[in-house]
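Following: one structure in structure tokens, then a few remarks.
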Amino acid sequence: MSSSDRFGRNDLAPVDYTHEGVMLKGRLALPDGPGPHPGILVIHDARGLGDGTARRAQALADAGYVVFAADLYGEGAFFADPKQAGPAVAPLMQDPSILRARAIAGFEALCGLVQVDRDRVGAVGFCLGGRCVLELARSGASLRAGVSLHGLLTTHAPAQPDALKAKLLILTGARDPYAPPQDIDAVRQEMTDARADHHITVYSEGWHGFSDEEAHSMSHVPGVRYDPLLDRLSWAQTTAFLEALLK
């Protein structure tokens, strides 16, 4: 059993930070050695900061990164049933400027850690967190690499020409109803117009949540389906992309 298999969110060090008066409770995973190390912000899906996010964070820490798992909702909230997350998600979707600002707050919390080399920082997000990674990049944050896995692709404020500092990897599924073909086309055009360095992979058989091993428990949510092959492929792309840019 690898360490990424046995670690959950409560095994990672808690880190409190705030955004506009909201107490946020992130989780920190550290690599071996004194550092400074490259840093990675990991942003959870719509359910909140759960064990799945923590396992990804620990796997990246095992690979030599300082990893900060951000909290979008406050108090480290997690909802096993994504439908119960509605009241937490709604304010962020109704005012997407708050969603972007919340992602920036997590980025700043990571960059403020003494173990982090601020010139080598990346971000990885899943579903809602994938949108956050793109919003963070669109903000012009000093991010070197950003990865969105089955993320939401729409935005209230498209990237401006030459504003993005991050190189982006967008991994999405052709069968994902939450990132339909028109959204994929739109984000491709947006990034092209912004002259952003970006790479988009569309898995022909990918549904929403294709990398989420817990997707089987969400069979009541339309369009969500785990795919073990795409999980391995997407994670291999993610780790290769991060290593090439941050190490």
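Listed values, structure above:
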quantity: Count of residues meeting criterion [outside any loop (DSSP other than H, G, I, E, B), without any contact (Cβ under 8 Å) to a residue 60 or more places away in the chain and surrounded by fewer than 24 Cβ atoms within 10 Å (Cβ to Cβ)] in the range 23-50; calculated: 2
quantity: Test: residue in the range 167-177 that is crowded, with 23+ Cβ neighbours inside 10 Å and either modelled with pLDDT under 95 or touching a Lys or Arg at 6+ places or on another chain (Cβ under 6 Å) (or both); calculated: no
quantity: Any hit, the range 178-192, residues being in contact (Cβ under 8 Å) with a residue 60 or more places away in the chain and either hydroxyl-bearing (Ser, Thr, Tyr) or in a helix (DSSP H, G or I) (or both); calculated: no
quantity: Residue in the range 85-95 that is small (Gly, Ala, Ser) and touching a helix residue (DSSP H, G or I) at 6+ places or on another chain (Cβ under 8 Å) present; calculated: no
quantity: Residues of the range 88-107 satisfying the condition of being without any contact (Cβ under 8 Å) to a residue 40 or more places away in the chain and either of a type in the set (Phe, Trp, Tyr) or in contact with a Phe, Trp or Tyr (Cβ under 9 Å, 6 or more places away or on another chain) (or both); calculated: Leu92
quantity: Subset of the range 201-247 [more than 24 Å from Pro82 (Cα to Cα) and at pLDDT below 95]; calculated: Lys247
quantity: Close pairs from the range 220-247: first under 15 Å from Arg56 (Cα atoms), partner at pLDDT 95 or above and surrounded by fewer than 18 Cβ atoms within 10 Å (Cβ to Cβ), Cβ under 7 Å, at least 6 apart; calculated: Gln237/Thr201; Thr239/Ala63
quantity: Some residue of the range 91-100 being exposed (fewer than 15 other Cβ atoms within 10 Å of the Cβ) and outside any helix (DSSP H, G or I); calculated: yes
quantity: Any hit, the range 127-137, residues being of a type in the set (A, V, I, L, M, F, W, C), closer than 20 Å to Ala57 by Cα, in contact with a Pro (Cβ under 8 Å, 6 or more places away or on another chain) and at pLDDT 95 or above; calculated: no
quantity: Single residue of the range 118-139 satisfying the filter (in a strand (DSSP E or B) and crowded, with 24+ Cβ neighbours inside 10 Å) that is farthest from the chain's Cα centre (by Cα); calculated: Val121
quantity: Residues located in the range 144-165, provided they are assigned to a loop (DSSP other than H, G, I, E, B), touching a residue at least 40 places away in the same chain (Cβ under 8 Å) and either surrounded by fewer than 24 Cβ atoms within 10 Å (Cβ to Cβ) or aliphatic (A, V, I, L, M) (or both); calculated: Arg144, Thr155, His156, Ala157
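The values are calculated or read from the model by the stated rules, or taken from the named source; none is laboratory data. Model, not experiment: these values are computed from the prediction. Virtual Cβ from ideal backbone geometry, glycine too; neighbours counted across all protein chains shown.
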